[in-house]
Each structure stands twice: as C-alpha cells, then as structure tokens.
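**Student:** What follows is a single structure, and I will ask about it in a moment.
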Amino acid sequence: MNRRITRTLSQAGALLLLILVVVFLADYQYKVLPTSIHSALPSHHAGTVITDITVAFCSTTNPFSQCRLDAEKWHRVEKDLYLRSGWVQSAYLHVTRRKEEELTAGDKVVMAVRVGRLDPGMGEKGQGEEKWESRPGGIWLLRSNKRHDSDSEKAITAVDVLFGADAVDPRTGWSLAQTPLLLDTDSNTPSARLSVRRGHLNPKAEEKTRDTPLRIRKDGKFKILQISDAHLSTGTGKCRDAIGADHQPITNCEADPHTLDFLDRILDDEKPDLVILSGDQVEGPSAPDTQTTIYKFAAPLIERQIPFACIFGNHDDEGPVALSRKAQMDLLQTLPYSLSRPGPEEVDGVGNYHLEILAPSPSQHSALTLYLLDTHSGSPDEKKYKGYDWLKPSQIAWFKRTAQSLRKEHAKYSHFHLDMAFIHIPLPEYGLREEGALTVQGGEWREGVTAPGYNSGFYDALVEEGVVAVGCGHDHVNDYCALKNHVSTMPAAGDASPSSLGRREDLPPSTSTSHHGHTSSFSHENKLGPWLCYAGGSGFGGYAGYGGFHRRVRVWEVDANAGQIVTWKRVECCSAGERREREGELMVVDGGRVVVG
C-alpha cells in the first residue's frame, strides 16, 4: 500500500513538473502566464525595452523644425549630436521605450542597430522575413513583434551616445558602434556614436565589483598607483609640450592616445591593487561630453578589474558644458570597480570620503586608511586670497571626526596601522621655502607651488591625526616629496575661517604665525610628517613645458608587515636606450613612523 502511494505521488510530481516546464517554455515563446507571474521570471527584463530610435534635427533658421519630439512617446538623450558646434543646426537622438508588460501585439522591439549608408540586410543571410528599417543619421533598425523577443538577451534595453574616434564604453552589457552617425559635422567636431545595451541588468553583479573589500595581499604588500592631471578630452585632443626620447618636440600629436598608451603600459608593469585618480582627469573646456571622457580613463581599469577611486581637480568641471562634480560622481558610482563616493552632503565639496584596506584574509581589521578630499577650484575671494580655494572647516572637522572615530578600531590591529591622504591642489606647506623648513627628496621642484593663498590649517589636522603621507597633483612638473621638519602649528578652536584669522598684518605682534596668518594655540613636539608628495602630470593634454619634463605617475607600495611605505615615479619616456624602472625611489615610512628617506 505504501509503495503504491509513493509511486502515485512520484508520478503526480513528475507530471506537475512536466506541466510547469511546458507552461514556462510556452510563456517564454508566447507569454501565456499572467503578467504578475511572467514579470517575476528571471528571463524578464525588469526595466524597459527599446521599441524605436530616431534623430530629430532643428535649425534656428527654420522655426518649424523641432529638436524635441512628443514627450509622451519619445525620450530624448540630452546631448546635441553636433556638440553645440553647429552654427544654426542641432540634432538629438530620441528613443521610445516600454515596460515588457505594457507591450501590445503591434509593438515591435528593437533587436539590432546598425549605422551605415546601405541596408544591412542586402546580401546578408539569416534575415528571414525581417526587414531593416531606415532612420535619420544612417541608423538601421531590426525590430520584431514576436512576444518572446522582449525577453531575449538580444533585445536592446538602453541607448546612449558617445563621441569621438577613440570613444569606448566600459559598462557591462554595452557595445559601441564602430561607425559614427552620418551627420554633416565639422571635421574638428568629435563624431557621435551610438552605444546600446542588450539584455537585462544584473545589479547584484554590478554591486559586487564595487563592494568587495580591498585587502593587503598575502605577502603583506599593497600597491597604489596615483594618476594625476590626465587632462583627457572628448575626442583625441591636442598635445601640449610633448617631447620625445631625444628631447625634441613631437609634432602632429594626439594627446589622449599618447596618455592612455602610457597609462596602459604602467598598469601592466606595476599591476597595482588600487588606482587613485587625484584630479583633473578631464580637461573641462575641451571635453564637451564629459561622460565620454570619463569612460576613456575608466576603461583600462575596468578591463583589468582594478578598483579605482577619484577626486576632482579644478579643471574637471570647468567650462559651460562640463558636467557638475555631483553629476560626474553619480556617473562614476555606476561604473564597475569604482569606489568613488560623494561623501556627506553637509560637508563642503564633492568627494570627501575614506577607504579602508583590510589586513590579509581572514582578518577583518583595517591595515591602511586612505582619506580623499575635494580641494575645490578657484579662490572664492580672489582680491584677498589669489589663486585657489582651500579646504573648508566642515571638511577638516569631517576628517578629524572620522579619524578619531576609527582610532579605537584601528588600535585592535596587531601590526602597524597606517593613514594616507590624497588631494588635488597642494597645501600651502608644499611651498614653504624658508631655510630649514622643508626637506625635499625624491624628485624636482621645477615650478612655483600654486597652493591656496589662505591656509585653513589642514596640514596640522593631518599631523594631529597621524597621517604619514599626502599625495597631490595640480602642479604638473613638480614631482618631489617634502618633509616639514620644524614644529607644526594648529589654529585655536573656532579660528578656521578667513574672517576669523585675518591677514598677517592684522595679528598682534605676540601671536605666533605660520603661512598666511595661520595662528597657533598648541604645537606637536617635533613630530615628523606627513610627507607631502607630488604625483607629476600624466596627461599630454596638460602643460609640461619646463626643463624637458616627461609625463609621469607616482607609485606607493605599502608593506603592512614592516609598517613601511616606499614611493617612486614611473616616467613616460626617458633618454634614448635607457629604461627607468623606478625614478626617485624613497622610503617615507618605516616601522609605522615617518622617516627621512
């Protein structure tokens, strides 16, 4: 009796399983299940599918032309395909998109997109009864109204526009058309190119590339590559002050290919565990499509699966069409392997955050903390303090609050816990030339230090919280490390603003001062550090005209077991027949303490 019941239940279960398989297969082909069930299936695209694509042209000389189609039907990609270079003409890409459950029997889903003058179906096998449909700009669409196609991994689910012959799209699932849109554009204007995403997104997989903890390697080492001042453009860009191995100027030079080729070689040679991009990745005025430019510097890192973190310089959001810092950070946060974050809203600037590097597995203790801060752009008070902006009281307070909150946890680590910081614009202390004020090693001082004219006291906050090294950019041809070797000072509480500190001549004679009227209420007893190091400029799109300077980057190698940090530069070019593996190598920390290299 028990055997008969067991056999009957097994047969019933097998039959039910067979029915479910048949129903799900039928639903895949013909959508027979209710929408609520169908939409929950793994094959269903949670977002939308694209049902049509077109280009709308308009001209200031034609009042009847429109660059914005019916908003209830069409979504416009907010990028002028002429990059605002047309005298009277503009053009915008428009797409229609629908949720799968909203598709009707008459709706067609875009399954393929091509760009060209001729019908892609001519002489092409396997097209069957499907016909390619022509759209303006040389766009050809292959659309289907077969119900299962909306769930296919071939279905187009998003469309974007990037610019330039050297454009890349490193986003997962996206592919960039090799042929640009057929538009009557100026030869100097980077050509518009379609990029499309196929299939559904996998948010969990995307998050994994950003949320995996950084760790010291099993050998106790952790290597950081600091890239500063790449100055990339939309399009290939023009070189500034480019010289070859023979120290002769390079003519007819495209900046970005040279820059990216240099960075590719360094990434392959050094194999860093983390890349810090310390500002001016984008040459704002020559990057009318900031998104395209960001993708160019992110692509080699994503391709190699190297985590990276960005802060901004004064040029990243410069110019009337550049994306704001917030918009750029929003974009960076969507990219695989990007650890970039905007930081607290109540803190001045965009990009004030810290990264914890854990000790080798299975430890959950932090071995290294990296602080990244936004140094803003030009001075907010040019008449009184010429040059550049300074780190604000809210940023210094955030840094001190964060460092102090982490101190107890860091103390549990059985080895040497180390702290570093990265900024773009140098602190005033980088430029102290007084006799005995700085020990300069490991590089050259080739140009004036363009630090803020006002000293807000961040250097002393770094000393107080035990940061051992700071990396900056901004002054392209400086690549030295400097150690301030006299007693440092820090302002009294509540004295961290220009109005409260005043100018040097406004202070009483008895008040001790440091750079630009910075007052002192206490001192650190001859405590060395932090080392203040320049990365040097890496990009051919930025200036580099002093003394036969070659582009370069800075490497920081941390040895967590020995509590050491060693730093050196890698140079893009050198004398003919000579290869410099490490230039200006310098030990800046040993046994967890700042040392004179």
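**Student:** Tell me the net charge near P300. Cut-off is 11 Å between Cβ atoms, P300 excluded, with +1 for each Lys or Arg and -1 for each Asp or Glu.
**Tutor:** Values: positive: R265, K296, R304; negative: D261, D264, D268, E303.
After counting each charged neighbour, the total is -1.
**Student:** With a 10 Å radius around each residue's Cβ, average the other Cβ atoms per peptide and rank 537-544, 587-594, highest first. All intermediate terms of the calculation are to be shown ahead of the outcome.
**Tutor:** Working: 537-544: 27.5, 587-594: 17.8.
Per-residue Cβ counts within 10 Å, averaged per peptide and sorted highest first, yield 537-544, 587-594.
**Student:** Given the peptides 411-424, 247-260, arrange them by the average over their residues of other C-beta atoms within 10 Å, most packed first.
**Tutor:** Ranked by mean Cβ neighbours within 10 Å, highest first: 411-424, 247-260.
**Student:** Need one number for segment 342-389: average projected area of the convex hull over its C-alpha atoms, nm².
**Tutor:** Directional mean of the projected Cα hull area for segment 342-389 stands at 4.7 nm².
**Student:** Using Cα centres only, tell me the gap between segment 355-373 and segment 232-286 in whole Å.
**Tutor:** One Cα centre to the other: 30 Å.
**Student:** On to the next question. May I ask for the distance between the Cα centers of segment 151-209 and segment 421-485, given as a whole number of Å?
**Tutor:** Result: 41 Å between the Cα centres.
**Student:** Let me ask another. Can you give me the relative contact order of segment 196-340 as a percent, contacts being Cα pairs under 8 Å and 6 or more apart?
**Tutor:** 27
**Student:** Turning to a different aspect of this structure: Local charge sum around Q281 (other residues, Cβ-Cβ under 10 Å, Lys/Arg +1, Asp/Glu -1)?
**Tutor:** With Lys, Arg at +1 and Asp, Glu at -1, the neighbours total -3.
**Student:** Restrict the search to segment 256-365; then list the chymotrypsin sites (Phe, Trp or Tyr not before Pro) that DSSP places in a loop and that have at most 13 other Cβ atoms within 10 Å of their Cβ.
**Tutor:** Hits after loop and neighbour filter: nothing returned.
**Student:** Ignoring ligands, DNA and RNA, what percent of the accessible area of segment 114-258 is carbon or sulfur (1.4 Å)?
**Tutor:** 49
**Student:** How far apart, in nm, are two points set 7 Å out from the Cα along the Cα-to-Cβ line at R401 and at R7?
**Tutor:** Computed distance between label sites R401 and R7 equals 7.5 nm.
**Student:** How would you classify segment 186-236 from its alpha-carbon gyration tensor, with a ≥ b ≥ c the square roots of the eigenvalues: rounded for a/c under 1.5, else prolate if a/b is greater than b/c, otherwise oblate?
**Tutor:** Values: a/c = 5.19, a/b = 1.44, b/c = 3.61.
The shape class here is oblate.
**Student:** If Lys and Arg each add +1 and Asp and Glu each add -1, what is the summed charge of the other residues whose beta carbon sits under 10 Å from the beta carbon of S377?
**Tutor:** Net of charged neighbours comes to -4.
The values are calculated or read from the model by the stated rules, or taken from the named source; none is laboratory data. What you see is a predicted model, and the numbers here were worked out from it, not measured in a lab. Here Cβ is always computed from backbone atoms with ideal geometry, including for glycine, and neighbour counts include all displayed protein chains. Calculation scope for accessible area: heavy atoms of the full protein, side chains included, ligands and nucleic acids excluded. Shrake-Rupley method; radii C 1.70, N 1.55, O 1.52, S 1.80 Å.
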